[in-house]
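If you scroll down you'll find the structure; I have some questions about it.
The values are calculated or read from the model by the stated rules, or taken from the named source; none is laboratory data. Worth saying up front: this structure is predicted, and the values here are computed from it rather than measured. So basically every Cβ, Gly included, is an ideal-geometry build from the backbone, and we count neighbours across all protein chains shown. Ligands, DNA and RNA are excluded from the accessible area calculation, which covers all protein heavy atoms including side chains. Shrake-Rupley method; radii C 1.70, N 1.55, O 1.52, S 1.80 Å.
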Amino acid sequence: MGPTQQYVMDEPLNLDSHFMQEALRQAWRAYDAAEVPVGAVVVRAGKIIGRAFNQVELLTDATAHAEMLALTQAQSAVGDWRLTDCTLYVTKEPCPMCAGALVHCRCARVVFGAPDPKGGAAGGALNLLQFPTLNHRCEITSGVRGEECTSLLRQFFSEQRTLNRALRHSRSVHRAGSNPPGGSEPRAPEEPDAS
């Protein structure tokens, strides 16, 4: 399916669910690449004009969040940095960096799946998307396909914790095997008496 394929549906809820499914497909690409599984699509007039997944590790770029990459694609497709008639669908509530970008490009609407009460900037920890002193406010719809989005994130982080525990265990076994006879760690030289 190309980035300009148009979808026509009767109800906005069905449309939101459909485009969130497209964002989830991107999130699975992130998952397969061992990235935090967040995906995003930007839609204008029923067409996807930008799609991306988290690529922080792949690109060694802390700003390579799905939203940022999808916004860049959408701006290229439109030929303007303003996305006033666009909706961003993202599987996890945007962070402050991404929320700031959404306000700056004047995105009309943000739809997200999983809430982020600790770090989300669309009402979770704070709400930059509707901050009263900024020159633009985005409409927010939350919880679309929320269980699926949350489940994918939980699965990823559970697997990461298991891998990290296994790695720590492997390192401790390796260190224990390299200890001198008696099984104790080498000691640092003792300081001489000051007397």
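Are any of the residues in the stretch 30-41 under 21 Å from residue 123 (Cα atoms) and at pLDDT below 95?
Looking through the stretch 30-41, none of the residues is under 21 Å from residue 123 (Cα atoms) and at pLDDT below 95.
Out of 61, 85, I need the residue that is of a type outside the set (Gly, Ala, Ser), out of contact with any strand residue (DSSP E or B) (no Cβ under 9 Å at 6 or more places or on another chain) and modelled with pLDDT of 95 or more. Which one?
Details: 85 fails: out of contact with any strand residue (DSSP E or B) (no Cβ under 9 Å at 6 or more places or on another chain).
Just one listed residue meets the conditions, 61.
Scan the stretch 98-122 for residues that are without any contact (Cβ under 8 Å) to a residue 40 or more places away in the chain and part of a strand (DSSP E or B) and jot them down.
Answer for the stretch 98-122, where residues must be without any contact (Cβ under 8 Å) to a residue 40 or more places away in the chain and part of a strand (DSSP E or B): 109, 110, 112, 114, 122.
Turning to a different aspect of this structure: Does residue 145 count as in contact with an Asp or Glu (Cβ under 9 Å, 6 or more places away or on another chain), open to solvent by 50 Å² or more (accessible area, probe 1.4 Å) and touching a residue at least 12 places away in the same chain (Cβ under 8 Å)? Walk me through it before giving the result.
Working: in contact with an Asp or Glu (Cβ under 9 Å, 6 or more places away or on another chain): yes; open to solvent by 50 Å² or more (accessible area, probe 1.4 Å): yes; touching a residue at least 12 places away in the same chain (Cβ under 8 Å): yes.
It is true that residue 145 is in contact with an Asp or Glu (Cβ under 9 Å, 6 or more places away or on another chain), open to solvent by 50 Å² or more (accessible area, probe 1.4 Å) and touching a residue at least 12 places away in the same chain (Cβ under 8 Å).
Let me ask another. From the residues in the stretch 134-151 that are part of a loop (DSSP other than H, G, I, E, B) and modelled with pLDDT of 95 or more, which one is nearest to residue 109 (Cα to Cα)? Quick ask: steps written out before the conclusion?
If we filter the stretch 134-151 for residues that are part of a loop (DSSP other than H, G, I, E, B), which is where we start, we get 134-138, 143-145.
With the extra rule that they be modelled with pLDDT of 95 or more, the set shrinks to 136-138, 143-145.
Working: 136: 11, 137: 9, 138: 5, 143: 14, 144: 13, 145: 17 Å.
Top of the filtered list is 138.
If I filter the stretch 62-92 down to residues being in a loop (DSSP other than H, G, I, E, B) and open to solvent by 50 Å² or more (accessible area, probe 1.4 Å), which single residue comes out as farthest from residue 116 (Cα to Cα)? Before you say what the answer is, go through the steps one by one.
Of all residues in the stretch 62-92, those in a loop (DSSP other than H, G, I, E, B) come to 62-65, 79-85.
Of the ones still in play, those that are also open to solvent by 50 Å² or more (accessible area, probe 1.4 Å) are 62-63, 79-82, 84-85.
Numbers: 62: 18, 63: 18, 79: 32, 80: 30, 81: 27, 82: 26, 84: 25, 85: 26 Å.
Taking the candidates together, the pick is 79.
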